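Read-outs: derived from the displayed coordinates by stated rules, not from any lab. The shown structure was predicted, so the numbers you read here are calculated from the model rather than taken from an experiment. FYI the Cβ positions are ideal-geometry reconstructions off the backbone, even for glycines, and counts take in every protein chain you see.
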């Protein structure tokens with residue numbers, strides 16, 4: 001007896017489960033656990049996407065460490081963290097007294113070489129005319145010609161030394177090579193800097209208009225990523241704002257962390273939306289793999305499945321009627337409808353309360 005009761009209850013439970021699978025709307029409505037709202041079938045753009053986390057980084061050449069090419073004492077430092085600078089602005093000035101003295105010496109040497117050159121040129125011209133008229137020997141002419149050539153070479157060397165002295169003096173004034181923001185300052189006024197194999201760094205400058213997103217894409221998705229695909233991303237500091245981007249490169253070498261294999265995909269930022277983005281900000285990136293424009297679509301939650309057949313529930317008076325549909329692309333939120341519904345039709349979505 002107990003065994004037959006147990007079998008009967010089991011069959012009843014199985015029947016209720018099958019009834020729920022076949023028509024979840026009727027089961028839930030009788031249970032009173034769901035409420036329903038209608039959604040209009042409409043046309044929209046949908047696409048397949050990949051979601052990944054990323055970090056905002058400066059592009060190549062957008063972050064520069066500015067240093068000194070010569071040794072000396074920092075007389076004046078015109079940079080503070082956060083200052084905006086333009087290309088060519090003065091960052092720092094070194095003590096240039098010794099360099100100015102060297103420049104004065106080079107100018108004096110140049111003037112002396114120029115005088116000697118002019119003297120040798122006049123002698124050469126005179127001796128050449130005498131030699132042509134056979135008033136002096138060839139040996140005397142050769143001596144004048146050699147003196148002229150030597151004086152000319154000394155003048156060329158003096159000009160090069162003068163130019164070098166000017167260049168070295170210009171190194172005492174350190175200018176910004178790019179426009180950007182001072183990110184760090186690593187020296188102070190009065191400090192002595194020594195230029196060796198590595199130039200001492202004064203400041204670090206970042207161009208905040210030349211940033212990109214380094215996106216960490218899982219190895220299971222990397223095969224679907226290609227350059228020039230469109231992307232969007234958000235950052236926590238500007239909630240609700242989507243920044244448009246485009247895939248520009250895929251790193252060939254993997255990044256392995258905690259046994260998870262990712263590949264870095266760089267995303268160019270197409271529009272900053274008049275906002276200031278900064279390096280190392282975390283970005284939530286969506287890469288669009290393929291997009292379908294102006295297709296008939298409904299929310300994915302409105303579509304049900306039964307024995308391989310997909311259907312929606314539509315309202316007819318006070319009843320919920322099942323209608324079979326043929327679906328296409330899905331982007332996670334919306335699903336394309338190929339057959340079964342028309343633009344403007346209403347479908348039902350069940351919400352819990």
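Only one of the listed residues (80, 75) is surrounded by fewer than 16 Cβ atoms within 10 Å (Cβ to Cβ), touching a strand residue (DSSP E or B) at 6+ places or on another chain (Cβ under 8 Å) and assigned to a loop (DSSP other than H, G, I, E, B). That residue is 80. Are any of the residues in region 313-328 under 25 Å from residue 226 (Cα atoms) and either surrounded by 18 or more Cβ atoms within 10 Å (Cβ to Cβ) or in contact (Cβ under 8 Å) with a residue 12 or more places away in the chain (or both)? Yes: region 313-328 contains one or more residues that are under 25 Å from residue 226 (Cα atoms) and either surrounded by 18 or more Cβ atoms within 10 Å (Cβ to Cβ) or in contact (Cβ under 8 Å) with a residue 12 or more places away in the chain (or both).
Taken together, the residues in region 141-170 that are out of contact with any helix residue (DSSP H, G or I) (no Cβ under 6 Å at 6 or more places or on another chain) and in contact (Cβ under 8 Å) with a residue 60 or more places away in the chain amount to 1. Scanning region 174-213 for residues that are farther than 19 Å from residue 80 by Cβ and crowded, with 18+ Cβ neighbours inside 10 Å yields 211, 212, 213.
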